[in-house]
Amino acid sequence: MARSGVQYQDVQQAIDTLLSRGDTPSVQRIREVLGTGSFTTISEHFRQWRLEREHNRDVPPPKGLPEAVVSVASELWKEAREAAHDALCHYREEADRQVETAKLEANDADQRAANAEQRESALAEHLRHTETRVEGLSRDLAASQADEAQWRTQAREAREEVAKWQSAYERAQQQLGEHQAQHADQLSQQQAEWQARLTQEEQRHEAAEDRLMSLLDSARQERAQEESAYQQRLKQADKRNEKLAQEVKTLEKSIYQYQLEAHAEQQAQQQLQAALNALEQRYQEAIKKLDDAESALAEEARQHDAREKAWQEQLWSRMDAMQRQLTDLPTSLSRDQESEREDKDSLE
């Protein structure tokens, strides 16, 4: 037989039981009283009960009830409302704390995710650099191995070359011993020769020293003579200097006089230059006036030529007119005579 679900009346009875015990109704406590039922179903019935309670909150109690019952019911109702309000505030605070905790956890998770992404990016970049470095190291290793083989070959060749040079060195040491023995013999012979030459050089040095002393004596005497001659020349030079000083003073006086004369001459030259400048200015003005006069004369000549040309043209035109008149004169005279004759004939 199928079990029926939790009904609204069951939830309402459980709420009444909780209120009678002084407990604040909640979904968890209602389920504890009922001992069964899903939280979703109990929550829906509990929401419906609260809506009905809000709707019937302002309904007055039925008439005919004792005042004590009404008072107790009102007190219980007031306490129930306060308890429900406290429980609601508690649930709201708890919900707010849970929401805040969830937000903090979400932010923390986002931060951890961002950090993880950054670490992943950094690790990927580090891995890429590591791979690049490994590739470079691999290339360097291959090159180093090639260089190592080359250096090994060169080292083997160098050892062979050292062995050759070692044998050559031993031969050179042997030859050096022989040469040293020969050189010692030659050195002893040269020392004997040098000793003999040194004795000869000492003898020549003593003779040269004697000659040097005699030369020094001669040089001292010549120096004394030159010193005396130098003193005489110095006195003569002092006399010449005094004479030159007097000549310099005379020349300075002459130069000063010449400077005075030159200054006067310069002033006269400046005056003469000023006069020349004035004459030059007057000359330029005269040249300008002459140019203006020549221009005016040229203009007058041009105008005269124009007037003369016009007069000649007028004269020629008048002469042409007179020539035409003289040419036409016989004709006009004959016409006049004919007209007079006609007039006479008409009068007769």
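Read-outs throughout are calculated quantities, based only on the coordinates presented, and are distinct from any laboratory measurement. Small disclaimer: the values here were computed from a predicted structure and weren't measured. Positions of Cβ are backbone-derived with ideal geometry, glycine not excepted, and every protein chain shown enters the neighbour counts.
Please state the shape class of the chain: rounded when a/c is under 1.5, otherwise prolate if a/b exceeds b/c and oblate if not, all from the C-alpha gyration tensor. It comes out oblate by the Cα gyration axes. The trypsin sites (Lys or Arg not before Pro) found in region 1-53 that occupy coil by DSSP, while having at most 11 further C-beta atoms within 10 Å, are Arg3.
Roughly how many debye, to the nearest 20, is the charge dipole of the chain about its Cα centre, given +1 on each Lys and Arg Cβ, -1 on each Asp and Glu Cβ, and no other charges?
1860
Axis angle, to the nearest 10 degrees, between helix 67-347 and the longest C-alpha principal axis of the chain: 50 degrees. Helical runs (DSSP H, four residues minimum) scored at -39500 (n - 2.57) apiece and divided by the length of the chain put the mean residue ellipticity at 222 nm at -35000 deg cm²/dmol. Relative to the longest principal axis of the Cα atoms of the chain, the long axis of helix 8-21 lies at roughly 90 degrees.
What do you get for the angle between helix 39-55 and the principal long axis of the chain? Use alpha-carbon atoms, 0 to 90 degrees, nearest ten. Value to nearest ten degrees: 90.
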